[in-house]
Amino acid sequence: MTTQRIRSFLAERRPEGPCLVIDLDVVRDNYRTFRKAMPDTAIFYAVKANPAPEVLELLASMGSSFDCASVPEIEMALAAGAPPARISYGNTIKKERDIARAFALGVRLFAVDAYEEVEKLGRAAPGARVFCRILCDGAGADWPLSRKFGCEPAMAVSVLEYARHHGLTPYGISFHVGSQQTDPDAWDSALASAAAIFGEMAGRGVELGMVNLGGGFPARYLNDVPAAREYGQAISGALRRHFGNRIPETIMEPGRGLVGAAGTIKAEIVLVSRKSDTDQARWVYLDIGKFGGLAETMEEAIRYPLLTEKDADPHAPCIVAGPTCDSADVLYERTPYALPITLTAGDEILIDGTGAYTTTYSTVAFNGFSPLATYVI
Ligand SMILES: Cc1ncc(COP(=O)(O)O)c(C=O)c1O
(Lines give C-alpha, C1' and ligand atoms only; values in the text may rest on other atoms or scores of the structure.)
Protein backbone atom coordinates (compact mmCIF):
# COMPACT_ATOMS: atom_id res chain seq x y z
CA MET A 1 0.00 0.00 0.00
CA THR A 2 1.17 3.50 -0.71
CA THR A 3 2.24 4.71 2.72
CA GLN A 4 1.39 8.07 4.23
CA ARG A 5 5.13 8.91 4.16
CA ILE A 6 5.20 8.32 0.39
CA ARG A 7 2.04 10.38 -0.14
CA SER A 8 3.46 13.26 1.93
CA PHE A 9 6.78 13.13 0.09
CA LEU A 10 5.03 13.32 -3.29
CA ALA A 11 2.73 16.11 -2.13
CA GLU A 12 5.62 18.21 -0.80
CA ARG A 13 8.34 17.52 -3.36
CA ARG A 14 6.17 17.15 -6.47
CA PRO A 15 8.98 15.46 -8.45
CA GLU A 16 8.76 15.93 -12.22
CA GLY A 17 8.37 12.82 -14.40
CA PRO A 18 7.72 9.23 -13.42
CA CYS A 19 9.60 8.16 -10.29
CA LEU A 20 9.73 5.41 -7.71
CA VAL A 21 9.54 6.32 -4.02
CA ILE A 22 10.75 3.70 -1.53
CA ASP A 23 9.68 3.84 2.11
CA LEU A 24 12.51 2.33 4.17
CA ASP A 25 10.16 1.78 7.13
CA VAL A 26 8.38 -0.89 5.06
CA VAL A 27 11.68 -2.60 4.17
CA ARG A 28 12.63 -2.58 7.88
CA ASP A 29 9.26 -4.06 8.89
CA ASN A 30 9.42 -6.73 6.18
CA TYR A 31 12.93 -7.73 7.24
CA ARG A 32 11.79 -8.11 10.86
CA THR A 33 8.72 -10.08 9.75
CA PHE A 34 10.92 -12.56 7.83
CA ARG A 35 13.31 -12.85 10.79
CA LYS A 36 10.38 -13.70 13.05
CA ALA A 37 8.72 -16.07 10.58
CA MET A 38 11.91 -17.99 9.84
CA PRO A 39 14.23 -17.39 12.82
CA ASP A 40 16.64 -20.24 11.95
CA THR A 41 17.15 -19.14 8.33
CA ALA A 42 19.76 -16.55 7.31
CA ILE A 43 18.45 -13.85 4.99
CA PHE A 44 20.48 -13.17 1.84
CA TYR A 45 18.66 -10.23 0.23
CA ALA A 46 18.48 -10.65 -3.58
CA VAL A 47 20.17 -7.39 -4.58
CA LYS A 48 18.72 -7.55 -8.11
CA ALA A 49 15.26 -6.76 -6.73
CA ASN A 50 16.33 -3.23 -5.81
CA PRO A 51 19.97 -2.22 -5.37
CA ALA A 52 19.34 1.33 -4.07
CA PRO A 53 22.30 2.09 -1.73
CA GLU A 54 19.95 3.17 1.08
CA VAL A 55 18.11 -0.17 0.91
CA LEU A 56 21.38 -2.13 0.97
CA GLU A 57 22.78 -0.01 3.83
CA LEU A 58 19.64 -0.49 5.92
CA LEU A 59 19.64 -4.26 5.39
CA ALA A 60 23.39 -4.55 6.02
CA SER A 61 22.97 -2.64 9.30
CA MET A 62 20.18 -5.03 10.31
CA GLY A 63 22.48 -8.02 9.79
CA SER A 64 21.28 -9.18 6.39
CA SER A 65 23.50 -11.11 4.02
CA PHE A 66 23.33 -10.59 0.25
CA ASP A 67 22.68 -12.73 -2.83
CA CYS A 68 24.52 -11.08 -5.73
CA ALA A 69 24.22 -11.81 -9.43
CA SER A 70 27.35 -10.00 -10.67
CA VAL A 71 30.57 -8.31 -9.58
CA PRO A 72 28.95 -4.84 -9.55
CA GLU A 73 26.25 -6.17 -7.18
CA ILE A 74 28.99 -7.63 -4.96
CA GLU A 75 30.73 -4.24 -4.95
CA MET A 76 27.44 -2.53 -4.03
CA ALA A 77 26.88 -4.93 -1.12
CA LEU A 78 30.44 -4.36 0.12
CA ALA A 79 30.03 -0.59 -0.21
CA ALA A 80 26.84 -0.85 1.88
CA GLY A 81 28.87 -2.38 4.70
CA ALA A 82 28.40 -6.12 4.21
CA PRO A 83 31.54 -8.15 4.90
CA PRO A 84 32.46 -10.62 2.11
CA ALA A 85 31.53 -13.52 4.42
CA ARG A 86 27.92 -12.33 4.14
CA ILE A 87 27.88 -12.34 0.34
CA SER A 88 26.91 -15.17 -2.00
CA TYR A 89 27.63 -15.08 -5.73
CA GLY A 90 24.31 -16.73 -6.57
CA ASN A 91 24.31 -16.54 -10.37
CA THR A 92 24.95 -19.90 -12.03
CA ILE A 93 26.25 -18.10 -15.14
CA LYS A 94 29.57 -16.36 -14.46
CA LYS A 95 32.68 -15.45 -16.44
CA GLU A 96 35.83 -16.96 -14.98
CA ARG A 97 37.39 -13.51 -14.60
CA ASP A 98 34.33 -12.34 -12.64
CA ILE A 99 34.67 -15.36 -10.34
CA ALA A 100 38.34 -14.43 -9.83
CA ARG A 101 37.38 -10.83 -9.06
CA ALA A 102 34.73 -11.94 -6.54
CA PHE A 103 37.23 -14.30 -4.93
CA ALA A 104 39.78 -11.46 -4.70
CA LEU A 105 37.08 -9.38 -2.98
CA GLY A 106 36.74 -12.13 -0.37
CA VAL A 107 33.60 -13.94 -1.56
CA ARG A 108 33.73 -17.66 -0.75
CA LEU A 109 30.21 -18.90 -1.54
CA PHE A 110 29.17 -19.62 -5.13
CA ALA A 111 26.27 -21.20 -7.04
CA VAL A 112 26.77 -23.80 -9.78
CA ASP A 113 24.55 -25.97 -11.93
CA ALA A 114 27.03 -27.32 -14.50
CA TYR A 115 30.38 -29.11 -14.78
CA GLU A 116 32.02 -26.33 -16.77
CA GLU A 117 31.09 -23.80 -14.06
CA VAL A 118 32.77 -26.07 -11.49
CA GLU A 119 35.94 -26.11 -13.60
CA LYS A 120 35.97 -22.29 -13.70
CA LEU A 121 35.47 -22.12 -9.93
CA GLY A 122 38.17 -24.72 -9.31
CA ARG A 123 40.66 -22.51 -11.16
CA ALA A 124 39.45 -19.06 -10.02
CA ALA A 125 38.12 -19.68 -6.50
CA PRO A 126 40.12 -22.59 -5.02
CA GLY A 127 38.62 -24.06 -1.85
CA ALA A 128 35.41 -22.02 -2.07
CA ARG A 129 32.07 -23.40 -0.89
CA VAL A 130 29.69 -24.27 -3.70
CA PHE A 131 26.02 -25.09 -3.73
CA CYS A 132 24.32 -26.72 -6.68
CA ARG A 133 21.04 -25.35 -7.96
CA ILE A 134 18.40 -27.88 -8.92
CA LEU A 135 15.57 -27.40 -11.41
CA CYS A 136 12.19 -26.38 -10.08
CA ASP A 137 9.08 -26.15 -12.25
CA GLY A 138 7.81 -22.88 -10.73
CA ALA A 139 4.18 -24.09 -10.57
CA GLY A 140 2.05 -21.64 -8.59
CA ALA A 141 4.35 -18.68 -9.30
CA ASP A 142 3.25 -15.58 -11.23
CA TRP A 143 6.83 -15.10 -12.47
CA PRO A 144 8.29 -18.63 -12.97
CA LEU A 145 12.02 -18.89 -13.54
CA SER A 146 11.91 -21.72 -16.13
CA ARG A 147 14.49 -24.30 -17.11
CA LYS A 148 17.21 -21.72 -17.56
CA PHE A 149 18.60 -22.35 -14.06
CA GLY A 150 19.46 -25.54 -12.24
CA CYS A 151 20.10 -29.14 -13.19
CA GLU A 152 18.25 -32.39 -12.55
CA PRO A 153 18.72 -33.62 -8.96
CA ALA A 154 20.59 -36.74 -10.11
CA MET A 155 23.10 -34.56 -11.94
CA ALA A 156 23.49 -32.30 -8.88
CA VAL A 157 25.10 -35.23 -7.08
CA SER A 158 27.67 -35.59 -9.85
CA VAL A 159 28.25 -31.83 -10.07
CA LEU A 160 28.96 -31.65 -6.32
CA GLU A 161 31.23 -34.70 -6.53
CA TYR A 162 33.00 -33.03 -9.46
CA ALA A 163 33.39 -29.90 -7.29
CA ARG A 164 35.14 -31.95 -4.63
CA HIS A 165 37.55 -33.29 -7.23
CA HIS A 166 38.28 -29.75 -8.31
CA GLY A 167 39.39 -28.62 -4.86
CA LEU A 168 36.09 -26.95 -3.92
CA THR A 169 33.93 -27.55 -0.85
CA PRO A 170 30.55 -29.09 -1.77
CA TYR A 171 28.32 -27.21 0.61
CA GLY A 172 24.66 -27.60 -0.31
CA ILE A 173 21.69 -27.37 -2.62
CA SER A 174 19.67 -24.40 -3.84
CA PHE A 175 16.48 -23.94 -5.81
CA HIS A 176 13.99 -21.20 -6.62
CA VAL A 177 10.29 -22.06 -6.56
CA GLY A 178 9.44 -19.15 -8.90
CA SER A 179 8.93 -15.51 -8.06
CA GLN A 180 5.62 -14.29 -6.57
CA GLN A 181 4.96 -17.83 -5.37
CA THR A 182 1.58 -17.81 -3.69
CA ASP A 183 1.62 -21.45 -2.54
CA PRO A 184 3.54 -21.90 0.75
CA ASP A 185 3.71 -25.66 0.04
CA ALA A 186 5.68 -25.07 -3.17
CA TRP A 187 8.96 -25.70 -1.29
CA ASP A 188 7.98 -29.26 -0.34
CA SER A 189 9.02 -31.24 -3.41
CA ALA A 190 12.28 -29.30 -3.86
CA LEU A 191 13.14 -30.00 -0.21
CA ALA A 192 12.38 -33.70 -0.79
CA SER A 193 14.88 -33.66 -3.69
CA ALA A 194 17.42 -31.76 -1.58
CA ALA A 195 17.13 -34.34 1.23
CA ALA A 196 17.63 -37.17 -1.26
CA ILE A 197 20.78 -35.47 -2.58
CA PHE A 198 22.08 -35.00 0.99
CA GLY A 199 21.59 -38.76 1.54
CA GLU A 200 23.26 -39.71 -1.72
CA MET A 201 26.25 -37.45 -1.01
CA ALA A 202 26.59 -38.83 2.54
CA GLY A 203 26.81 -42.30 0.97
CA ARG A 204 29.78 -40.96 -1.01
CA GLY A 205 31.41 -39.62 2.12
CA VAL A 206 30.46 -35.95 1.61
CA GLU A 207 28.40 -34.24 4.34
CA LEU A 208 26.50 -31.33 2.81
CA GLY A 209 25.56 -28.61 5.25
CA MET A 210 23.21 -26.08 3.69
CA VAL A 211 19.93 -25.71 1.83
CA ASN A 212 19.31 -22.42 0.05
CA LEU A 213 15.53 -21.91 -0.09
CA GLY A 214 15.84 -19.17 -2.74
CA GLY A 215 13.27 -16.42 -3.16
CA GLY A 216 9.65 -16.56 -4.23
CA PHE A 217 8.08 -14.89 -1.18
CA PRO A 218 5.35 -12.68 -2.62
CA ALA A 219 4.40 -9.02 -2.37
CA ARG A 220 0.77 -8.01 -2.21
CA TYR A 221 -0.48 -6.63 -5.54
CA LEU A 222 -4.22 -6.76 -6.27
CA ASN A 223 -4.89 -9.88 -4.25
CA ASP A 224 -4.03 -10.91 -0.72
CA VAL A 225 -1.10 -13.29 -0.37
CA PRO A 226 -0.29 -15.69 2.48
CA ALA A 227 1.64 -14.15 5.37
CA ALA A 228 5.39 -14.77 5.90
CA ARG A 229 4.44 -16.81 8.98
CA GLU A 230 2.54 -19.29 6.77
CA TYR A 231 5.61 -19.75 4.56
CA GLY A 232 7.76 -20.25 7.66
CA GLN A 233 5.42 -22.92 9.00
CA ALA A 234 5.10 -24.76 5.68
CA ILE A 235 8.87 -24.72 5.08
CA SER A 236 9.83 -25.83 8.58
CA GLY A 237 7.23 -28.62 8.32
CA ALA A 238 8.73 -29.74 5.00
CA LEU A 239 12.27 -29.60 6.44
CA ARG A 240 11.23 -31.84 9.36
CA ARG A 241 9.40 -34.23 7.03
CA HIS A 242 12.32 -34.69 4.68
CA PHE A 243 15.38 -34.21 6.89
CA GLY A 244 14.04 -35.68 10.16
CA ASN A 245 16.17 -34.59 13.09
CA ARG A 246 19.15 -33.68 10.89
CA ILE A 247 17.86 -30.32 9.68
CA PRO A 248 20.60 -28.50 7.75
CA GLU A 249 21.59 -24.85 7.94
CA THR A 250 19.16 -22.91 5.74
CA ILE A 251 19.43 -19.60 3.93
CA MET A 252 16.80 -17.72 1.95
CA GLU A 253 17.09 -15.10 -0.80
CA PRO A 254 13.99 -12.89 -0.69
CA GLY A 255 13.85 -10.00 -3.14
CA ARG A 256 10.27 -9.07 -3.99
CA GLY A 257 8.96 -10.07 -0.53
CA LEU A 258 11.33 -7.60 1.16
CA VAL A 259 11.05 -4.55 -1.09
CA GLY A 260 8.06 -4.97 -3.43
CA ALA A 261 5.51 -3.42 -1.10
CA ALA A 262 7.92 -0.67 -0.03
CA GLY A 263 7.67 1.24 -3.30
CA THR A 264 5.15 3.29 -5.25
CA ILE A 265 5.67 4.76 -8.72
CA LYS A 266 4.18 8.15 -9.38
CA ALA A 267 3.22 8.46 -13.04
CA GLU A 268 1.03 10.62 -15.23
CA ILE A 269 -1.62 9.97 -17.86
CA VAL A 270 -0.44 11.29 -21.21
CA LEU A 271 -3.41 10.42 -23.41
CA VAL A 272 -6.85 8.80 -23.17
CA SER A 273 -8.25 7.75 -26.56
CA ARG A 274 -10.36 5.28 -28.54
CA LYS A 275 -9.58 3.49 -31.80
CA SER A 276 -12.98 4.32 -33.32
CA ASP A 277 -16.01 6.38 -32.35
CA THR A 278 -17.76 3.15 -31.30
CA ASP A 279 -14.79 1.57 -29.53
CA GLN A 280 -15.89 0.16 -26.15
CA ALA A 281 -12.49 0.14 -24.49
CA ARG A 282 -10.47 3.30 -23.93
CA TRP A 283 -6.71 3.33 -24.32
CA VAL A 284 -4.95 4.96 -21.39
CA TYR A 285 -1.35 5.87 -22.14
CA LEU A 286 0.98 6.53 -19.19
CA ASP A 287 4.37 8.26 -19.06
CA ILE A 288 5.87 4.92 -17.93
CA GLY A 289 5.62 1.50 -19.56
CA LYS A 290 7.47 -1.75 -20.11
CA PHE A 291 10.68 0.07 -21.00
CA GLY A 292 10.48 2.57 -18.14
CA GLY A 293 10.60 -0.12 -15.45
CA LEU A 294 7.33 -2.07 -15.70
CA ALA A 295 8.92 -5.05 -17.50
CA GLU A 296 7.13 -7.50 -15.22
CA THR A 297 3.87 -6.69 -17.00
CA MET A 298 5.25 -8.96 -19.74
CA GLU A 299 2.54 -11.54 -20.47
CA GLU A 300 0.54 -9.45 -17.97
CA ALA A 301 2.27 -11.53 -15.28
CA ILE A 302 2.32 -8.90 -12.57
CA ARG A 303 -0.83 -6.80 -12.23
CA TYR A 304 -0.04 -3.73 -10.19
CA PRO A 305 -2.67 -1.79 -8.23
CA LEU A 306 -3.32 1.52 -10.04
CA LEU A 307 -4.60 4.38 -7.88
CA THR A 308 -5.92 7.76 -8.97
CA GLU A 309 -7.65 10.69 -7.31
CA LYS A 310 -10.80 9.83 -9.28
CA ASP A 311 -11.21 6.31 -7.87
CA ALA A 312 -14.64 7.16 -6.42
CA ASP A 313 -16.00 7.76 -9.97
CA PRO A 314 -17.57 4.98 -12.11
CA HIS A 315 -15.06 2.65 -13.74
CA ALA A 316 -14.87 1.05 -17.20
CA PRO A 317 -12.37 -1.34 -18.86
CA CYS A 318 -9.23 0.24 -20.31
CA ILE A 319 -6.21 -0.92 -22.19
CA VAL A 320 -3.18 0.47 -20.38
CA ALA A 321 -0.04 1.27 -22.38
CA GLY A 322 3.32 3.00 -22.07
CA PRO A 323 4.59 6.09 -23.90
CA THR A 324 7.19 4.64 -26.30
CA CYS A 325 6.88 4.06 -30.06
CA ASP A 326 7.04 0.29 -29.62
CA SER A 327 3.93 -1.83 -29.96
CA ALA A 328 5.23 -4.20 -27.26
CA ASP A 329 4.85 -1.34 -24.82
CA VAL A 330 1.33 -2.31 -23.74
CA LEU A 331 0.85 -3.23 -20.07
CA TYR A 332 -2.67 -4.67 -19.85
CA GLU A 333 -4.75 -5.53 -22.91
CA ARG A 334 -5.62 -9.25 -22.76
CA THR A 335 -7.29 -8.55 -19.42
CA PRO A 336 -8.33 -4.89 -19.57
CA TYR A 337 -8.04 -2.82 -16.42
CA ALA A 338 -11.08 -1.07 -14.88
CA LEU A 339 -10.23 2.62 -14.41
CA PRO A 340 -12.34 5.73 -13.69
CA ILE A 341 -14.20 6.95 -16.79
CA THR A 342 -13.30 10.54 -15.86
CA LEU A 343 -9.52 10.10 -16.30
CA THR A 344 -7.88 12.61 -18.65
CA ALA A 345 -4.42 13.64 -19.78
CA GLY A 346 -2.41 15.20 -16.96
CA ASP A 347 -3.99 13.13 -14.17
CA GLU A 348 -1.57 11.58 -11.72
CA ILE A 349 -1.60 7.81 -11.28
CA LEU A 350 0.11 5.84 -8.51
CA ILE A 351 1.38 2.36 -9.34
CA ASP A 352 1.59 0.42 -6.11
CA GLY A 353 3.83 -2.43 -5.02
CA THR A 354 6.60 -1.36 -7.40
CA GLY A 355 9.59 -1.51 -5.02
CA ALA A 356 10.99 -4.66 -6.69
CA TYR A 357 12.20 -5.24 -10.25
CA THR A 358 11.42 -1.81 -11.64
CA THR A 359 14.35 0.64 -11.52
CA THR A 360 16.84 -1.95 -12.72
CA TYR A 361 14.61 -3.03 -15.60
CA SER A 362 14.22 0.51 -16.87
CA THR A 363 16.10 1.24 -20.11
CA VAL A 364 18.82 3.89 -20.31
CA ALA A 365 17.13 6.10 -22.88
CA PHE A 366 14.72 4.15 -25.08
CA ASN A 367 12.84 6.77 -27.14
CA GLY A 368 14.81 9.41 -25.23
CA PHE A 369 13.08 8.73 -21.91
CA SER A 370 15.31 8.91 -18.82
CA PRO A 371 15.80 5.87 -16.58
CA LEU A 372 13.30 5.63 -13.73
CA ALA A 373 14.31 8.01 -10.93
CA THR A 374 14.28 6.68 -7.35
CA TYR A 375 13.76 8.56 -4.10
CA VAL A 376 14.38 6.63 -0.90
CA ILE A 377 12.73 8.05 2.19
C1 LIG B 1 19.05 -16.73 -7.47
C2 LIG B 1 17.91 -15.88 -7.07
N3 LIG B 1 17.64 -15.72 -5.76
C4 LIG B 1 16.62 -14.94 -5.34
C5 LIG B 1 15.83 -14.24 -6.22
C6 LIG B 1 14.75 -13.36 -5.69
O7 LIG B 1 13.52 -13.87 -5.93
P8 LIG B 1 12.20 -13.18 -5.37
O9 LIG B 1 12.22 -11.78 -5.79
O10 LIG B 1 11.11 -14.00 -5.93
O11 LIG B 1 12.26 -13.28 -3.87
C12 LIG B 1 16.04 -14.40 -7.60
C13 LIG B 1 15.17 -13.72 -8.56
O14 LIG B 1 15.28 -13.80 -9.75
C15 LIG B 1 17.11 -15.23 -8.03
O16 LIG B 1 17.39 -15.37 -9.33
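Within the option set V225, V206, being assigned by TED's automatic domain parsing to the domain that holds F131, within 14 Å of the ligand (Cβ to nearest atom) and farther than 18 Å from G150 by Cα holds for one residue only, V225. Criterion applied to M252, M298 was being surrounded by 14 or more Cβ atoms within 10 Å (Cβ to Cβ), within 16 Å of the ligand (Cβ to nearest atom) and within 30 Å of I43 (Cβ to Cβ), and the one residue passing it is M252.
A single member of S70, S88, S61 is of a type outside the set (A, V, I, L, M) and either closer than 22 Å to T264 by Cβ or surrounded by 20 or more Cβ atoms within 10 Å (Cβ to Cβ) (or both), and it is S88.
The set of residues in the range 232-279 that are in contact with a Lys or Arg (Cβ under 9 Å, 6 or more places away or on another chain) and of a type in the set (V, I, T) comprises I247, T264, V272. For the range 33-47, does any single residue satisfy the condition of being surrounded by 14 or more Cβ atoms within 10 Å (Cβ to Cβ), closer than 28 Å to E230 by Cβ and more than 16 Å from the ligand (Cβ to nearest atom)? Within the range 33-47, not a single residue is surrounded by 14 or more Cβ atoms within 10 Å (Cβ to Cβ), closer than 28 Å to E230 by Cβ and more than 16 Å from the ligand (Cβ to nearest atom). Summed over the range 167-178, the residues that are in a loop (DSSP other than H, G, I, E, B) and touching a strand residue (DSSP E or B) at 6+ places or on another chain (Cβ under 7 Å) give a count of 4.
Among the residues of the range 128-166, the ones that are aliphatic (A, V, I, L, M) and in a helix (DSSP H, G or I) come to 7 in all. Just to be sure before I move on: is T308 touching an Asp or Glu at 6+ places or on another chain (Cβ under 9 Å), surrounded by fewer than 19 Cβ atoms within 10 Å (Cβ to Cβ), of a type in the set (V, I, T) and assigned by TED's automatic domain parsing to the domain that holds F366 in the structure I sent? Taking the combined requirement at face value, the residue satisfies it.
The values are calculated or read from the model by the stated rules, or taken from the named source; none is laboratory data. All values reported here derive from a predicted model rather than from experimental measurement. Don't worry about glycine lacking a Cβ; one is built from the backbone with ideal geometry, like all the others, and counts go over all protein chains shown.
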